[in-house]
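Visitor: Sharing a structure, written as structure tokens. Questions coming.
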């Protein structure tokens with residue numbers, strides 16, 4: 001079978017049966033199309049049966065040396081090729097695995113960048129004092145990110161039917177359309193009510209997006225990034241230092257730091273008392289991580305339950 005035909009079948013499978021998001025589908029298509037182009041550029045056969053690990057290694061070498069792809073990008077492309085190969089084998093489109101023996105490059109483990117408590121407080125106070133047009137939207141938008149740990153795309157896709165102000169919960173659709181129900185921080189209830197009341201009636205229909213741009217259209221990732229950089233500058237924080245994803249890291253990192261009790265003795269020495277056992281699975285559920293291993297980067301975080309974790313914020 002031809003590579004392109006198999007790729008079309010694979011993407012359809014991911015969309016219909018796996019219910020993957022448009023962003024995920026786009027990533028798979030981009031990675032696999034790069035490999036397809038590599039085969040054609042080098043006058044290689046594009047039949048699945050003619051593919052082999054040696055060709056894949058040459059493709060990886062080209063991506064690294066000629067196109068200067070970063071290790072994270074190379075890992076993603078290898079992962080995409082492995083998923084594609086596994087699908088083709090399962091569907092009996094080919095008889096041998098052309099990804100056999102291919103290993104992903106090792107990556108340096110880095111601790112996530114996040115704001116400290118003082119920086120978050122500075123950001124939130126600035127949002128509260130802003131009187132420019134759309135300032136209420138910005139306050140609701142970035143406080144919601146900072147108090148739930150939602151991904152940027154999850155917030156962009158948010159509709160009013162996902163927010164239950166009566167039960168103080170928010171239903172989030174994560175990667176692969178997986179649902180997770182999160183408790184809203186108490187500070188968000190009056191803010192969201194006020195923001196909702198400021199909108200036109202048709203804009204608060206259950207299926208309408210919660211956050212819109214200045215033209216009344218659903219906000220997009222690029223526009224949201226621009227707004228966040230402007231908000232950082234107004235708050236006196238370096239715009240090059242933080243991104244929207246860092247709000248997610250901030251949420252996870254600060255939760256357990258605030259769950260530790262702090263006492264000071266007569267000599268002025270600070271003592272920390274772990275009040276309850278660390279529960280990484282709670283953090284995993286809050287962040288929507290598929291694997292607990294992904295969550296383990298936040299092992300300095302300490303909390304018991306979702307509601308207690310959310311309400312432990314002190315702003």
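The values are calculated or read from the model by the stated rules, or taken from the named source; none is laboratory data. Because the structure is predicted, anything quoted here is derived from the model rather than measured. Because the Cβ atoms are built from the backbone with ideal geometry, glycine has one as well, and the counts that use them run over all protein chains shown.
Visitor: Quick check on residue 88: is it within 31 Å of the chain's Cα centre (by Cα), without any contact (Cβ under 8 Å) to a residue 12 or more places away in the chain and either under 26 Å from residue 153 (Cα atoms) or surrounded by 14 or more Cβ atoms within 10 Å (Cβ to Cβ) (or both)? Spell out the reasoning first.
Guide: Details: within 31 Å of the chain's Cα centre (by Cα): yes; without any contact (Cβ under 8 Å) to a residue 12 or more places away in the chain: no; either under 26 Å from residue 153 (Cα atoms) or surrounded by 14 or more Cβ atoms within 10 Å (Cβ to Cβ) (or both): yes.
Against the criterion (within 31 Å of the chain's Cα centre (by Cα), without any contact (Cβ under 8 Å) to a residue 12 or more places away in the chain and either under 26 Å from residue 153 (Cα atoms) or surrounded by 14 or more Cβ atoms within 10 Å (Cβ to Cβ) (or both)), residue 88 does not qualify.
Visitor: Could I ask something else about it? For segment 95-121, give me the residue count where each residue is at pLDDT 90 or above and either touching a strand residue (DSSP E or B) at 6+ places or on another chain (Cβ under 6 Å) or in the same structural domain as residue 138 (by TED's automatic domain parsing) (or both).
Guide: Final tally of qualifying residues: 0.
Visitor: While we're on this one: Cβ-Cβ distance below 9 Å, separation of 6 or more or different chains: which pairs start in segment 202-227 with a residue that is on the phi > 0 side of the Ramachandran plot and at pLDDT below 90 and end on one that is loosely packed, with under 14 Cβ neighbours inside 10 Å and not in a strand (DSSP E or B)?
Guide: Listed by first residue and then by second, the contacts come to 216/200.
Visitor: Filter segment 188-201 down to the residues that are surrounded by fewer than 15 Cβ atoms within 10 Å (Cβ to Cβ) and touching a residue at least 24 places away in the same chain (Cβ under 8 Å), then identify the one that is farthest from residue 165 (Cα to Cα). First the steps, then the outcome.
Guide: The initial filter retains those residues of segment 188-201 that are surrounded by fewer than 15 Cβ atoms within 10 Å (Cβ to Cβ), namely 189-190, 193-194, 197-198, 200-201.
From what is left, the residues that are touching a residue at least 24 places away in the same chain (Cβ under 8 Å) are 189, 193-194, 198.
Values: 189: 6, 193: 8, 194: 12, 198: 16 Å.
By that ranking, first place goes to 198.
Visitor: Please specify each residue of segment 45-54 satisfying the condition of being more than 15 Å from residue 33 (Cα to Cα) and part of a helix (DSSP H, G or I). Full working, then the answer.
Guide: So the first thing to find is which residues in segment 45-54 are more than 15 Å from residue 33 (Cα to Cα), and the list is 49-50, 52-54.
49, 50, 53, 54 - these are the residues of segment 45-54 that are more than 15 Å from residue 33 (Cα to Cα) and part of a helix (DSSP H, G or I).
Visitor: Is one or more of the residues making up segment 60-69 at negative phi, surrounded by 13 or more Cβ atoms within 10 Å (Cβ to Cβ), outside any helix (DSSP H, G or I) and modelled with pLDDT under 90?
Guide: First, pick out the residues of segment 60-69 that are at negative phi: 60-67, 69.
Now narrow it down to the ones that are surrounded by 13 or more Cβ atoms within 10 Å (Cβ to Cβ): 60, 62-64, 69.
Checking the rest, the ones that are also outside any helix (DSSP H, G or I) come to 69.
From what is left, the residues that are modelled with pLDDT under 90 are 69.
Yes.
Visitor: With 134, 171 as the choices, which residue is in contact with a strand residue (DSSP E or B) (Cβ under 7 Å, 6 or more places away or on another chain) and surrounded by fewer than 18 Cβ atoms within 10 Å (Cβ to Cβ)?
Guide: Values: 134 fails: in contact with a strand residue (DSSP E or B) (Cβ under 7 Å, 6 or more places away or on another chain).
Sole residue among the options that is in contact with a strand residue (DSSP E or B) (Cβ under 7 Å, 6 or more places away or on another chain) and surrounded by fewer than 18 Cβ atoms within 10 Å (Cβ to Cβ): 171.
Visitor: I need the full set of residues from segment 128-169 which are farther than 18 Å from residue 212 by Cα, modelled with pLDDT of 90 or more and either out of contact with any helix residue (DSSP H, G or I) (no Cβ under 7 Å at 6 or more places or on another chain) or not in a helix (DSSP H, G or I) (or both), in order please.
Guide: 129, 164, 165, 166, 167, 168, 169
Visitor: How many residues are modelled with pLDDT under 95 and under 27 Å from residue 22 (Cβ atoms) when one looks only at segment 179-194?
Guide: 5
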